[in-house]
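These notes concern the structure reproduced below.
No lab work stands behind these numbers, since they all come straight from the coordinates. These numbers were taken from a predicted model, which means no experiment stands behind them.
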Amino acid sequence: MNPTIIKSIPSQCYLGEGPLWIAELGCFFWVDIEKGNLHKYHLASEKLEIRHFPHFLAVVLKGQNGKLILGLDRKLVRYDWETEEMEELCEVESDQPLHRFNDGKVDSQGRIWIGTLSTKFTEGAGSLYRIDSKLKPGAQLNNLTISNGMAWTQDQKTFYFIDTPTRKIQEFSFDAETGEIGFRRIAAEIPENLGFPDGMCIDQEGMLWVAHYGGSGVYRWNPKNGELLDKIDLPVPNVTSCCFGGENLNLMLITTAQENMSESDLKKYPKSGDVFLVKLEVGGFEANQALF
């Protein structure tokens, strides 16, 4: 495919994550988890706006009525960009002050799937939650270390999930009506020399695009046979997540991080923490809107 970078946006995130495209606004959003910054980038005008929150800001999702859903520490809140009003929706693991949310996505029925981890990265401390319109989080997977990338197939029968340190992309059966999942198999295993699998999205051919932390790129994996098909090379080592967007959903926004890098690393890779826009021959899907 030879995907090429068409633009880098200098956001210098410590831990850039959670990219999201909202077509109605013509904007990409992403977060800097550690700095608590929410970035809004208007694609046509190239205008970048940043809002700060005094929290770990793990995720930004599309809510109802033009609102955003943010994951702040262990709470989900509804946020109005225009008025800056915030409304708390629910909380998980309130008895675990060292825990925070990590990656989150919205399924086809508008339920939010969002994981947790310990900020000490304690093995097995995290969980993956499903949150429906009743706003009662229910744990779907436990004993996770870094709950991360998620994607659903177009027919809504399969769910893919990454617990980063395992270096595996897991495949689950998915019941769209009930939201139930059941483990099926390992769809792909990431070799050690390619870094760790982080955020993920799926394209219109059913292939998985996975950001590799420590792997200097986004890799395209075939979940049917575990084969590596393609790679977007990036001039930074720690690549964290990716999403499709733009008018034809064939632009990919890729987030990166400065985390775990020395001063000499940062001199060597000065674009670490920036985001990259890449044009692809294959398109993806719009993010779903949450129920609330």
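Details
- For the chain, built as a Gaussian network whose Cα springs stay under 10 Å, the top-fluctuating residue of 40, 267, 279: 267
- Shape summary: the chain maps onto an equivalent ellipsoid whose semi-axes, from the alpha-carbon gyration tensor, are 24, 23, 20 Å in decreasing order.
- In the elastic network of the chain, a GNM with C-alpha springs shorter than 10 Å, the most mobile of 138, 195, 63 is 138.
- 3J(HN,Hα) from dihedral phi, the range 3-8, Karplus parametrisation 6.51/-1.76/1.60, rounded to Hz, x for glycine, proline: x, 10, 6, 9, 6, 10
- Rounded D (µm²/s) - the range 133-246, Kirkwood Rh over Cα pairs, Stokes-Einstein at 37 °C, 0.692 mPa s: 226
- Measuring nothing but how far apart in sequence close Cα pairs (under 8 Å, 6+ apart) lie, relative to its length, the range 1-119 scores a relative contact order of 15 percent.
- Taking only the Cα atoms of the range 67-197, the ratio Rg/Rh comes out at 0.98, with Rh defined as the Kirkwood radius.
- Per residue of the chain, the DSSP helices (runs of n ≥ 4 H) give a summed -39500 (n - 2.57) that works out to -500 deg cm²/dmol at 222 nm.
- With contacts taken as Cα pairs under 8 Å and at least 6 residues apart, the range 4-279 reaches a relative contact order of 17 percent.
- Once the Cα-Cα distance is subtracted from the 0.36 nm per residue extended length, the residue 98 to residue 264 segment shows a gain of 56.8 nm.
- Cross-link reach list, lysines versus residue 47, counting only Cα pairs under 17 Å and skipping chain neighbours closer than eight places: 7
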